[in-house]
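These notes are about the structure you will find just below.
The values are calculated or read from the model by the stated rules, or taken from the named source; none is laboratory data. Note that the structure is a prediction, hence the values are computed from the model and not measured. Cβ placement follows ideal geometry from the backbone for every residue including glycine, while neighbour counts extend to all protein chains displayed.
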2 protein chains.
Amino acid sequence: MTEKTTFNIAVVGATGAVGQKIIDLLDAKDFPINELKLLSSERSAGKKINFQNKELTVEAATPESFDGIDIALFSAGGSVSKKLAPEAVKRGAVVVDNTSAFRMTEDVPLVVPEVNNEDIAKHNGIIANPNCSTIQMVAALKPIKDAFGLDRVIVSTYQAVSGAGNEANKELEEQSKAKLNGEEMKAELLPVKGEEKHYPIAFNALPQIDVFEENGYTFEEMKMINETKKIMHAPELNVAATCVRLPFFTSHAESVYIEVEKDGLEVADLWEALKGADGVVLEDDPASQTYPTPLSAENKEEVFVGRVRKDLDQKNGFHLWVVSDNLLKGAAWNSIQIAQSLIQNKWL
Amino acid sequence: MTEKTTFNIAVVGATGAVGQKIIDLLDAKDFPINELKLLSSERSAGKKINFQNKELTVEAATPESFDGIDIALFSAGGSVSKKLAPEAVKRGAVVVDNTSAFRMTEDVPLVVPEVNNEDIAKHNGIIANPNCSTIQMVAALKPIKDAFGLDRVIVSTYQAVSGAGNEANKELEEQSKAKLNGEEMKAELLPVKGEEKHYPIAFNALPQIDVFEENGYTFEEMKMINETKKIMHAPELNVAATCVRLPFFTSHAESVYIEVEKDGLEVADLWEALKGADGVVLEDDPASQTYPTPLSAENKEEVFVGRVRKDLDQKNGFHLWVVSDNLLKGAAWNSIQIAQSLIQNKWL
């Protein structure tokens, strides 16, 4: 039996914000594709998308859509993944799922390749892509944890609207225009589609991303807390999160406080650990006002770190500012990296 | 000698974002004014401002402007305060200074009336109004500290553009329009006027407010750290801050992590302490998506607190979301409160 060198790929949620980025990356990264199948809900079926000079028609996803598929990249929402990912697996596909459907399921690896690539090998057909805000944080924390140990993380996020999809971008755009024209802003979508109340996001900040849990935390906050521990294989790590949606289109930023295990470190030690790290770019020079921002990170694949400071009271405390494109490293690019790793390591 | 019942008031920086709010409040609060003098730089002198059906002309501030003035409310920048506040004091005025010029000077009280009103009595002619982001935080922390003790504060801020003045509002407006029209955004002012580099604030987040200090913290961050300790009379309190400018016009929001001294508290205990607190409004009901936002706090005098959560790891750790109008409680209203207290307590 000859070994496959090209693969049949399905993109589920092909017309969404993340799906579009996945399709762009499959092209830009010369992904070894035999056949590309673009899938969506009934509503978006029939749309045409150009890929490598061919016009592809988006099809409604059904269980049979996955016959003959090697890798299925899901980003069409949790309910679609819950229904169709097992069907894809049953038909021999490996699923890379960019929803929260299976992230905390015990036998599903939750992977950021720079952090726990080897977990991919243990998959049983599904590999979960973590939440966007989690991915960039653990990518920045991994080299620090490896070098100095890590006891504690407290993060406050500054999250882009595109994390809630193309519709949310449209809402930000329309509300912004209304406000600038002195008209009333219509709020129909954010903070959470389908919830009872909606608040304007334009020229505002919403301290709610996803629904509230019983304990007063939002689901987004609990995702950051639980996923970080799972990805880093650190159930004992203290993690706290406050997640806030803000009026920009792309890139999440994070104010991260950490306590490391090793004593006596200085900012330069953290710089050193971050400089050599996979997928991380250090942008930190106060003298020249150098630090990452959501706009500066847009359309880039790396995780950018700046504003590294030693806490003035806690001897092992440090502060970081972590920024990354939420649709790329936070979603599409991380999924593609997992798919690349599946192929390169023959873990399919 | 009959006791004065009305007072001669000077507003320095009358044409600025905060000065305008001060003038509005002097009217709205029926401040006992005998004569109101509006002062500014040479550049803005000559402008006309309506006050209680009279048209007042803004005059260029000189040392002699303060002859006969009882209370001078300064908000025209640190250099103006450094030059003219001592001149006003020399002429018998009491200065309420809304700049950073004298905040950390030992014999100058730094006051948030809900927190340390009694410090006003010790003034030697100048009372400093704290930094906007500090005021709202200490107002929220005071009832918690009084009830349960306070060991530690870690804050990440979400700060409005109006904190950098009317020009910055204009920059946000123009950049927003440019972006929505597909044009390039011009950045000429933020993050810090006069600094070498400028970055767009529209649809972005800037992790720099004010200039950088030697230790890698910004001056804004050091203000929050040092002022909080001074106002709360708590030199031993651990305070850490990360300050971020965001694309909204009004109100600062803050993600605040605290550790209290008392063991065994629940969210309901913090709610109880906050509910009865002067100048604080609790808006916290996850079930009904109730929490404060920058837009909901706009034009209100109170400090709003929501998203109170118990840390999941640290037994005495809690998280809060604190929002207030940065031009009102964060600046103009706090100054007016100090002036009211000077009169009511006969501390002039």
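Computed quantities for the displayed model
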{"item": "Region A:116-136 residues that are at pLDDT below 95, paired with ones that are buried (at least 24 other Cβ atoms within 10 Å of the Cβ) (beta carbon under 7 Å, 6 or more apart)", "result": "none"}
{"item": "Residues of region A:223-260 that turn out to be in contact with an Asp or Glu (Cβ under 6 Å, 6 or more places away or on another chain) and surrounded by fewer than 20 Cβ atoms within 10 Å (Cβ to Cβ), as a count", "result": "2"}
{"item": "Test: residue in region B:166-181 that is surrounded by fewer than 21 Cβ atoms within 10 Å (Cβ to Cβ), among the hydrophobic types (A, V, I, L, M, F, W, C), modelled with pLDDT of 95 or more and not assigned by TED's automatic domain parsing to the domain that holds B:Gly78", "result": "yes"}
{"item": "Residues located in region A:1-42, provided they are surrounded by 13 or more Cβ atoms within 10 Å (Cβ to Cβ) and hydroxyl-bearing (Ser, Thr, Tyr)", "result": "A:Thr15, A:Ser40, A:Ser41"}
{"item": "Cross-chain or 6+ apart pairs with Cβ under 8 Å, region B:204-221 first and at the interface with another protein chain (Cβ under 8 Å from one of its Cβ atoms), then crowded, with 21+ Cβ neighbours inside 10 Å and among the small types (Gly, Ala, Ser)", "result": "B:Ala205/A:Ala253; B:Pro207/A:Ala253; B:Pro207/A:Ser255; B:Pro207/A:Gly306; B:Tyr217/B:Ala241"}
{"item": "Condition check for B:Gly77: within 25 Å of the chain's Cα centre (by Cα) and at pLDDT below 95", "result": "yes"}
{"item": "Residue within region B:57-66 that is over 19 Å from the mean Cα position of the chain (by Cα) and under 19 Å from B:Ala128 (Cα atoms) present", "result": "yes"}
{"item": "Set A:Asp263, A:Asp311, A:Asp325: member being surrounded by fewer than 19 Cβ atoms within 10 Å (Cβ to Cβ), charged (D, E, K, R) and farther than 16 Å from B:Thr242 by Cβ", "result": "A:Asp263"}
{"item": "Selection within region B:293-348 - under 27 Å from B:Arg152 (Cα atoms) and among the β-branched types (Val, Ile, Thr)", "result": "B:Thr293, B:Val303, B:Val305, B:Val308, B:Val322, B:Val323"}
{"item": "Tabulated pairs, region B:145-172, first facing chain A (nearest Cβ under 10 Å), second among the polar types (S, T, N, Q) and part of a strand (DSSP E or B), C-beta under 6 angstrom, 6+ apart or interchain", "result": "B:Arg152/B:Asn238; B:Ser156/A:Ser156; B:Ser156/A:Ser255; B:Ser156/B:Thr242; B:Ser156/B:Ser255"}
{"item": "Residue list for region A:31-65, filter: closer than 17 Å to A:Ser75 by Cα and of a type in the set (A, V, I, L, M, F, W, C)", "result": "A:Leu36, A:Leu38, A:Leu39, A:Ala45, A:Ile49, A:Val58, A:Ala60, A:Ala61"}
{"item": "Leading residue by the ranking (surrounded by the fewest Cβ atoms within 10 Å (Cβ to Cβ)) among those in region B:185-209 that are of a type in the set (Asp, Glu) and out of contact with any Asp or Glu (no Cβ under 9 Å at 6 or more places or on another chain)", "result": "B:Glu196"}
{"item": "Unique match (being buried (at least 18 other Cβ atoms within 10 Å of the Cβ), touching a Ser or Thr at 6+ places or on another chain (Cβ under 9 Å) and not charged (D, E, K, R)) among A:Ala93, A:Ala45, A:Ala61", "result": "A:Ala61"}
{"item": "Matching strands (runs of 3 or more DSSP E) fully within region A:212-305 where at least 2 residues are within 16 Å of A:Ser133 (Cα to Cα) and among the hydroxyl-bearing types (Ser, Thr, Tyr)", "result": "A:252-260"}
{"item": "Answer residue from region B:20-39, given it is over 17 Å from the mean Cα position of the chain (by Cα) and acidic (Asp, Glu) and is farthest from B:Leu327 (Cα to Cα) among those", "result": "B:Glu35"}
{"item": "Wholly within region A:1-73, strands (runs of 3 or more DSSP E) carrying at least 2 residues that are in contact (Cβ under 8 Å) with a residue 24 or more places away in the chain and out of contact with any Asp or Glu (no Cβ under 6 Å at 6 or more places or on another chain)", "result": "A:7-12, A:33-40, A:48-51"}
{"item": "Residue within region A:309-323 that is in a strand (DSSP E or B), closer than 30 Å to A:Phe31 by Cβ and either out of contact with any His (no Cβ under 8 Å at 6 or more places or on another chain) or within 14 Å of chain B (Cβ to nearest Cβ) (or both) present", "result": "yes"}
{"item": "Tally, over region B:96-142, of residues that are farther than 18 Å from B:Gln344 by Cβ and β-branched (Val, Ile, Thr)", "result": "7"}
{"item": "Condition check for B:Ala187: within 11 Å of chain A (Cβ to nearest Cβ) and touching a strand residue (DSSP E or B) at 6+ places or on another chain (Cβ under 9 Å)", "result": "no"}
{"item": "Count of residues meeting criterion [farther than 28 Å from A:Gly92 by Cβ and over 17 Å from the mean Cα position of the chain (by Cα)] in region A:111-145", "result": "3"}
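Rundown of residues vs (1) among the polar types (S, T, N, Q); (2) part of a strand (DSSP E or B); (3) buried (at least 22 other Cβ atoms within 10 Å of the Cβ), yes/no style:
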site	(1), (2), (3)
A:Lys83	no, no, no
A:Thr99	yes, no, yes
A:Glu114	no, no, no
A:Glu118	no, no, no
A:Ala139	no, no, yes
A:Ile154	no, yes, yes
A:Thr157	yes, yes, yes
